Amino acid sequence: MLLNRANLDALFTGFNTAFKTAFAGVANATDWQRVAMDVPSTTSQNQYGWLGSNFSIREWIGDRQIQNLETHDFTIKNRPFEGTVGVNRDDIEDDTYGVYGPLISLMGEGAAAHPNLLVFELLRKGESQSCFDGQYFFDTDHAGYAEDGSAVSVSNHMGGTGTPWFVLCTKRAVKPVVFQRRRAYTFTRMDADTDEVVFSRKQIRYGVDARVNAGYGLWQMAVISRQPLTADTFAAARAAMIGIRKPDGQPAGFVPDTLLVPATLEGSGRKVVMSDTKPNGESNEWRGSAELMMSPWL
């Protein structure tokens, strides 16, 4: 193929189509969207002062009572990311069989899967990174409330020393993790003869870049356990989330709908929420109580 401007433009159009097709194929089935809310961003960072706010409905007796919602100085800064490949101009010129099309498709798949790395890294590191209340996301002494509204410590960490697994509430307006998108993943090129690297090294470059980041949402919607994954430990983690209350003592109403496990615990997870019976032969009351989600990103 003669690499004139028209042919290079046509080649880029084909590569861009391959990139977008591969991106869409992966993006429509990514794990991160199940545990993180997708938030647009128009500046270098977003401030989530409303995280941790509690809202309750009361019987209207007398004047309205204005609820002073808590605010927190919690900010997620956007970060730039890129991936670039360089191809010898002669190889592109001699590529009769479309060898580089699959490479571009791999770039599209990698870009679509990239949010998984950011989102699930937060869950993996949640025992040592802070969220909106200044505590570690998974901690034993978050500020909480008892049934009478008095202050108590609340835990979303069930202890243990083994491989971590999680119960999550993922079907509400807010989710456990935030994925923030300033600039979408975009396929770009440097293939003009006037580009220094093309001129001096005969190297054509194709790349993808984006400005995104991930951060913690509500710790109340996620519980971690390092205990062996059994019906009893699952029930304890589930109860810990359901027991969380608002400042007026009302239940927060968060109910786990997802059991998130790494690949090494998939079998145990199936026994807990998918099996008809427990290992001792008794009926499994937790069957169907949560959707099992195995993620290779953990």
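Okay, residues lined up against (1) touching a residue at least 40 places away in the same chain (Cβ under 8 Å); (2) farther than 26 Å from P296 by Cβ; (3) touching a Pro at 6+ places or on another chain (Cβ under 8 Å):
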{"site": "H142", "(1), (2), (3)": "yes, yes, no"}
{"site": "V152", "(1), (2), (3)": "no, yes, no"}
{"site": "H157", "(1), (2), (3)": "yes, no, no"}
{"site": "T163", "(1), (2), (3)": "yes, no, yes"}
{"site": "V167", "(1), (2), (3)": "yes, no, yes"}
{"site": "T170", "(1), (2), (3)": "yes, no, yes"}
{"site": "K175", "(1), (2), (3)": "yes, no, no"}
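Looking at R201, is it touching a Ser or Thr at 6+ places or on another chain (Cβ under 8 Å) and closer than 30 Å to A10 by Cβ? Against the criterion (touching a Ser or Thr at 6+ places or on another chain (Cβ under 8 Å) and closer than 30 Å to A10 by Cβ), R201 does not qualify.
I want to confirm something. Restricting to the stretch 245-274 and keeping residues that are of a type in the set (S, T, N, Q) and at pLDDT 95 or above, which single residue is nearest to the chain's Cα centre (by Cα)? By that ranking, first place goes to T258. Taking the criterion of being polar (S, T, N, Q) and at pLDDT 90 or above, the residues of the stretch 1-32 that qualify are T13, N16, T17, T21.
V255 meets all of the listed conditions (1) in contact (Cβ under 8 Å) with a residue 60 or more places away in the chain; (2) among the β-branched types (V, I, T); (3) assigned to a helix (DSSP H, G or I) but one, namely (3). From the set of residues in the stretch 237-252 that are hydrophobic (A, V, I, L, M, F, W, C) and in contact (Cβ under 8 Å) with a residue 40 or more places away in the chain, which is farthest from D148 (Cα to Cα)? It comes out as A237.
The values are calculated or read from the model by the stated rules, or taken from the named source; none is laboratory data. Just so it is clear, the structure is predicted and the values come from calculations on it, not from any experiment. Glycine also receives a Cβ, built like all others from the backbone with ideal geometry; neighbour counts cover every protein chain displayed.
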